[in-house]
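Asker: Provided herewith is a single structure, encoded as C-alpha cells, for subsequent inquiry.
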Amino acid sequence: MNMPHVSVVYGSHGNPVYQVGGKSFIFFRNPRPDAADPKTGERYPDVIVFWVESEADKMAMIQDERSPFFSTPHFDGHLSVLIRGSRIGELSRQELTEVVQDAWLCRASARRAAVWLSAHGGQPAQS
C-alpha cells in the first residue's frame, strides 16, 4: 500500500487483489489443484502471485530449488511467480520490498512508473 495509486479489491472468496490503474500486480490465490503438497495432494491455502517484468525475470526467480518462488503449469506463459505465504519469511525485508516494487512497476502505466522511478533514483527503493 506504500506504492502510489494502489487499490485493493477482493476476489470471489474474499482474497485481496492489489491493483494499480485497475491492473492486478499482486493477489492472494484461492487453493487450486495446481499448487498442492506433492506428498499429500493437499492444496496450498496461502499462495501469493506476483507479476514480473519478463520470462527471464521469472526464470531467474524460480530456477533455484532453494528459492521460495515457484510456478506451476497453469502459469506457463504468464509473467508471474508464486510464493507460499508460509515462506515469505525466507525473504529479507529488502528482497520482499523489491519484489513488490517490481510487480507494481511492470503493471503501472508508463507515466506512473516513470514518475515513481524518477523520484527513487531510477530504481526500486531500498528498505
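Rule-based calculations on the coordinates, nothing more; no lab input. Predicted model only: the values in this text are computed from it and were never measured. Using ideal geometry, Cβ is built from the backbone for each residue, glycine included, and neighbour counts are taken over all protein chains shown.
Asker: Using the basic label-point model (7 angstrom from Cα toward the beta carbon), what is the E65 to K39 distance in nanometres?
Answerer: Each label point lies 7 Å from its Cα, and together they span 1.5 nm.
Asker: Each label point is 7 Å from the Cα along the Cα-to-Cβ direction; what then is the distance between the points at M1 and L79, in nm?
Answerer: In this crude spin-label approximation the distance works out to 2.8 nm.
Asker: Dipole magnitude of region 8-109 about its Cα centre, charges +1 at Lys/Arg Cβ and -1 at Asp/Glu Cβ only, in debye to the nearest 20? Walk me through the numbers before you get to the answer.
Answerer: Details: 11 positive and 14 negative charges, 73 e Å.
Dipole of region 8-109, to the nearest 20 debye: 360 debye.
Asker: Kindly write out, for region 89-95 in residue order, the coupling ³J(HN,Hα) from the Karplus curve 6.51 cos²θ - 1.76 cosθ + 1.60 (θ = phi - 60°), rounded to whole Hz, with x marking Gly and Pro.
Answerer: Working through the residues one at a time gives x, 6, 9, 6, 4, 4, 4 Hz.
Asker: Something else: Where Lys and Arg each count +1 and Asp and Glu each count -1, what net charge lies around P73 among other residues with Cβ under 14 Å from its Cβ?
Answerer: Details: positive: R32, K58; negative: D34, D76.
Neighbourhood net charge equals 0.
Asker: So what is the 222 nm mean residue ellipticity for the chain from helices alone, if each DSSP H run of at least 4 adds -39500 (n - 2.57) and you divide by all residues, rounding to the nearest 500 deg cm²/dmol?
Answerer: On the way: 3 runs with 33 residues, N = 127.
Result for the chain, helices only: -8000 deg cm²/dmol.
Asker: In percent, how large is the relative contact order of the chain, given Cα pairs closer than 8 Å and 6 or more residues apart?
Answerer: On the way: 185 pairs, mean separation 26.6, N = 127.
That works out to 21 percent.
Asker: How high is the FRET efficiency from N30 to A110, r the C-beta distance, R0 25 Å, rounded to 0.05?
Answerer: So, using R0 = 25 Å, E works out to roughly 0.20.
Asker: Another question, if that's okay. How large are Rg and Dmax for the chain when calculated on the C-alpha trace, in angstrom?
Answerer: Gyration radius and largest Cα-Cα distance of the chain: 14.8, 48 Å.
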